[in-house]
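What follows is a single structure, written as structure tokens, with notes after it.
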Amino acid sequence: MPSFKTLDDLPADLTGQTALVRVDLNLPMHEGRASDVTRVEAVKPTILELADRGAKLLLLAHFGRPKGQRHSTMSTSLVQGDVERVLDREIMFVSEVGGPVVEQSLGILRPGDIGLLDNVRFWPGEEANDPEFARAIAANGDFYVNDAFSAAHRAHASTEGLTHFLPSYAGRAMEAELKALEAALGNPERPVAAVVGGAKVSTKLDVLQHLVKQVQHLIIGGGMANTFLAARGVDVGKSLAEHDLAATANRIMDEAEHAGCTVHLPYDVVVAKEFAANPASLRTANVHEVAADEMILDIGPRAVEALGDVLKTCRTLVWNGPLGAFETPPFDAATVALARTAAALTQEGSLTSVAGGGDTVAALAHAGVARDFTYVSTAGGAFLEWMEGRELPGVAALTR
Ligand code: 3PG
């Protein structure tokens, strides 16, 4: 794995130094409060460690996509209360990211105190990765810590640019994330299985194309499986499927065969005539017996059992996306069952399991196993780009 510096490479006593710490505070909001503070909990160890070692901290984050302009609805001051609650410390809000206002705040902050800078995307220099903008931010810090893996797919001033001006370190969350990802796909123990689910093949084409060359078992679920089944000539009734991607799906299956990767598609499925919770028309069917007015909403129990057996032969698992329409019962059954098998194998020590991206965290939490996986990433886009085998600018900058 390419090496990067961590907080262990900094002096034990950081009194007199200011740390610019990039965190991801892009939190989902509900009625003026964060509805999920997992991302704050993730960066808490880094923040408290630096504070306890005597540094002054300036937290740098984006919030929404304000496109280079100030919007009161996207100020990081809106999450200040949530951050304070999770950290159990008072923090000081600073309405700028560089210049004299930040300098003055540093005059007020004492060693161990924490300042929260406003949304770095209020300035066009952030997304443009303008070196002058990065230089102006860097002027108020002695070193830079990036603890925001979930923003590392952006080559922005606060994720990439700052590393050109300050000694740069991975925070504890970034460090754990990079180690977990390395164990999952960088240098994994084989055999490796990947579960890729979700509604659409079109959003995950690059992921699938990369994975067939990396893993020995590719388990496809969700609406994506319907597209693959249809491409193989299976009549999927009125299931969600991207029929125009049949040629692409067939090419991916050919590439898999060529690379020695087994693609697993369900041979039994859970179908209904309407998409609703516990519909009257619910039934389990062989995949070749889906009626024209039925839709596939989950993979079936026999397929789940077979997939569990596949996982028992594997040493590593990467999971992205649910296997069925998991938000509506009983179409969560396959996701829950397979997630529990993976969690049990992980707890027994036979499987390294890494999951991440969009709905995945919610699906695993729903199955009650998020803590039993080896690692669950809260990153969305960054996790997918990593699964595509792409270099993430924010990570590459730390390893330079
Ligand atoms: C996220 O919420 O996934 C990250 O914070 C990145 O946000 P972005 O997609 O607006 O860059």
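The values are calculated or read from the model by the stated rules, or taken from the named source; none is laboratory data. Please read all numbers here as calculations on a predicted model, not as lab measurements. Here the Cβ positions follow ideal geometry from the backbone for every residue, glycine too, while neighbour counts run over all protein chains shown.
Every test in (1) at pLDDT below 95; (2) buried (at least 16 other Cβ atoms within 10 Å of the Cβ) is passed by ASP298 save one, and that test is (1). In the set (1) within 22 Å of GLY171 (Cβ to Cβ); (2) away from the ligand (no atom under 16 Å from the Cβ); (3) touching a residue at least 60 places away in the same chain (Cβ under 8 Å), the condition left unmet by ALA333 is number (1). Residues in the stretch 157-189 that are in a loop (DSSP other than H, G, I, E, B), out of contact with any strand residue (DSSP E or B) (no Cβ under 7 Å at 6 or more places or on another chain) and away from the ligand (no atom under 16 Å from the Cβ): PHE165, ASN187.
Could you check, for the stretch 368-376, whether at least one of its residues is within 12 Å of the ligand (Cβ to nearest atom) and either modelled with pLDDT of 95 or more or not small (Gly, Ala, Ser) (or both)? So far as the stretch 368-376 goes, no, none of its residues is within 12 Å of the ligand (Cβ to nearest atom) and either modelled with pLDDT of 95 or more or not small (Gly, Ala, Ser) (or both). Hey, can you tell me all the residues within the stretch 132-151 that are aromatic (Phe, Trp, Tyr) and within 12 Å of the ligand (Cβ to nearest atom)? The answer is PHE149, and nothing else.
Listed by first and then second residue, the pairs with beta-carbon distance under 6 Å, at least 6 apart or on different chains, first residue in the stretch 352-365 and touching a residue at least 60 places away in the same chain (Cβ under 8 Å), second assigned to a strand (DSSP E or B) and among the hydroxyl-bearing types (Ser, Thr, Tyr), are THR352/THR316; VAL354/TYR375. Of the residues examined, LEU14 is not one that is surrounded by 16 or more Cβ atoms within 10 Å (Cβ to Cβ), in the same structural domain as GLY112 (by TED's automatic domain parsing) and within 16 Å of the ligand (Cβ to nearest atom). Would you check if there is a residue in the stretch 57-70 being surrounded by fewer than 15 Cβ atoms within 10 Å (Cβ to Cβ) and away from the ligand (no atom under 16 Å from the Cβ)? Yes, the conditions are met somewhere in the stretch 57-70. Taken together, VAL23, VAL40 contain a single residue that is closer than 11 Å to ASP147 by Cα, at pLDDT 95 or above and within 11 Å of the ligand (Cβ to nearest atom), which is VAL23. Tallying residues that are at negative phi and in contact with a Gly (Cβ under 9 Å, 6 or more places away or on another chain) within the stretch 310-329 yields 8. Taken over the stretch 236-283, residues that are surrounded by fewer than 13 Cβ atoms within 10 Å (Cβ to Cβ) and polar (S, T, N, Q) amount to 1. Comparison of LEU392, LEU345 shows that the only residue that is touching a residue at least 24 places away in the same chain (Cβ under 8 Å) and within 15 Å of the ligand (Cβ to nearest atom) is LEU392.
When the stretch 117-127 is filtered for residues that are without any contact (Cβ under 8 Å) to a residue 60 or more places away in the chain and buried (at least 21 other Cβ atoms within 10 Å of the Cβ), the ones remaining, listed by number, are LEU117, ASP118, ASN119, ARG121, PHE122, TRP123, GLY125. When the helices (runs of 4 or more DSSP H) confined to the stretch 201-271 are screened for residues that are of a type outside the set (Lys, Arg) and not assigned by TED's automatic domain parsing to the domain that holds GLY381, none reaches at least 2 such residues. The single condition among (1) part of a helix (DSSP H, G or I); (2) within 16 Å of the ligand (Cβ to nearest atom) that ARG154 does not meet is (1).
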